[in-house]
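One structure below.
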Amino acid sequence: MSKPAVHFFLEDVKYTLKNKTVIRNWINETIIAEGFQLEELTFILCSDEYLLAINQQYLNHDTYTDVITFDNSEAPEIIQGDIFISIERIQENAKEFKSTVQHELCRVIIHGTLHLLGYKDKGKAAKTLMTQKEDQYLALFNAALIKTAI
């Protein structure tokens, strides 16, 4: 099997993603910690309108959202997928939650990844577990960022 890959693309937005190597390693470590193996994961950072069109076309939802995850895995325990993230929603959420754009983006990156790992966010118990997992892995990301700054 080839080396696991995490790709980042921009679709109709301008954004500079910082700490790509740290993010790639963090995603891979999260996947391994959950008992899975990363094959390929593509993150597409896009506009609200771009993500709305995907939401309408593929999910029949006529609403804005911050993230949509597509699981392309063909085998259990193998992670392969596409995660679309609206940078505009991330920027709005960061303001609303008094957070940084980087922190909010990482929260949504891990949220989409957790969906591929089988976590759901419909219903109170599922949402609570999803938030706990997000917080757990965000803490690991923050620790990794600190290590790279030293």
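The values are calculated or read from the model by the stated rules, or taken from the named source; none is laboratory data. Treat the numbers as computed from the prediction; the structure is a model and nothing was measured. In this analysis, Cβ positions are derived from the backbone assuming ideal geometry, glycine residues included, and neighbour counts consider all displayed protein chains. Ligands, DNA and RNA are stripped out before the accessible areas are found, and what is left, the full protein with its side chains, is counted by its heavy atoms. Shrake-Rupley method; radii C 1.70, N 1.55, O 1.52, S 1.80 Å.
Yes/no per residue for (1) assigned to a helix (DSSP H, G or I); (2) over 20 Å from residue 7 (Cα atoms); (3) touching a residue at least 12 places away in the same chain (Cβ under 8 Å); (4) of a type in the set (A, V, I, L, M, F, W, C):
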site: 73; (1), (2), (3), (4): no, no, yes, no
site: 79; (1), (2), (3), (4): no, no, yes, yes
site: 85; (1), (2), (3), (4): no, no, yes, yes
site: 90; (1), (2), (3), (4): yes, no, yes, yes
site: 93; (1), (2), (3), (4): yes, yes, yes, no
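Quick one: residue 44 ticks every box in (1) under 18 Å from residue 137 (Cβ atoms); (2) within 15 Å of the chain's Cα centre (by Cα); (3) among the aliphatic types (A, V, I, L, M) bar one, so which box is it?
Tallying (1) under 18 Å from residue 137 (Cβ atoms); (2) within 15 Å of the chain's Cα centre (by Cα); (3) among the aliphatic types (A, V, I, L, M), residue 44 fails exactly one: (1).
Give the residue, chosen from 44, 27, 54, that is modelled with pLDDT of 95 or more and assigned to a strand (DSSP E or B). So that I can check it myself, show each step before the final result.
Numbers: 27 fails: assigned to a strand (DSSP E or B); 54 fails: assigned to a strand (DSSP E or B).
So the residue among 44, 27, 54 that is modelled with pLDDT of 95 or more and assigned to a strand (DSSP E or B) is 44.
Out of 22, 13, I need the residue that is surrounded by fewer than 18 Cβ atoms within 10 Å (Cβ to Cβ), touching a residue at least 12 places away in the same chain (Cβ under 8 Å), part of a helix (DSSP H, G or I) and touching a helix residue (DSSP H, G or I) at 6+ places or on another chain (Cβ under 6 Å). Which one?
22
Within region 57-97, track down each residue that is of a type in the set (Val, Ile, Thr) and in contact with a helix residue (DSSP H, G or I) (Cβ under 9 Å, 6 or more places away or on another chain). Give the steps one after another, and end with the answer.
Of all residues in region 57-97, those of a type in the set (Val, Ile, Thr) come to 63, 65, 67-69, 78-79, 83, 85, 87, 90.
Scanning region 57-97 gives 63, 65, 67, 68, 69, 79, 83, 85, 87, 90.
Pull up region 49-77, narrow it to residues that are among the aliphatic types (A, V, I, L, M) and open to solvent by less than 30 Å² (accessible area, probe 1.4 Å), then point me to the one that is nearest to residue 92 (Cα to Cα). Before you say what the answer is, go through the steps one by one.
Applying the first criterion (among the aliphatic types (A, V, I, L, M)) to region 49-77 yields 51-54, 59, 67-68, 75.
Going one step further and asking which of them are open to solvent by less than 30 Å² (accessible area, probe 1.4 Å), we end up with 51-52, 54, 67-68.
Numbers: 51: 15, 52: 15, 54: 20, 67: 13, 68: 17 Å.
Going through the qualifying residues, I end up with 67.
Working only within region 115-126, note down all residues that are closer than 21 Å to residue 36 by Cα, assigned to a helix (DSSP H, G or I) and free of Cβ contacts under 8 Å to residues at least 60 places away in the same chain. First the steps, then the outcome.
Taking region 115-126 and keeping what is closer than 21 Å to residue 36 by Cα, we get 115-121, 126.
From the residues that got through so far, the ones that are assigned to a helix (DSSP H, G or I) too are 115-116, 126.
115, 126, listed by residue number.
Name every residue in region 114-124 that is open to solvent by 80 Å² or more (accessible area, probe 1.4 Å) and more than 15 Å from the chain's Cα centre (by Cα), in order of residue number. Reasoning before the result, please.
Initially, region 114-124 is screened for residues open to solvent by 80 Å² or more (accessible area, probe 1.4 Å), giving 120, 122, 124.
Once the filter is applied, which keeps residues that are open to solvent by 80 Å² or more (accessible area, probe 1.4 Å) and more than 15 Å from the chain's Cα centre (by Cα), region 114-124 yields 122, 124.
Could you count how many residues in region 25-41 are open to solvent by 50 Å² or more (accessible area, probe 1.4 Å), closer than 18 Å to residue 72 by Cα and under 15 Å from the mean Cα position of the chain (by Cα)?
Here the count works out to 1.
What is the one condition in (1) closer than 23 Å to residue 33 by Cβ; (2) β-branched (Val, Ile, Thr); (3) part of a loop (DSSP other than H, G, I, E, B) that residue 63 does not satisfy?
If we test residue 63 against (1) closer than 23 Å to residue 33 by Cβ; (2) β-branched (Val, Ile, Thr); (3) part of a loop (DSSP other than H, G, I, E, B), just (1) comes out false.
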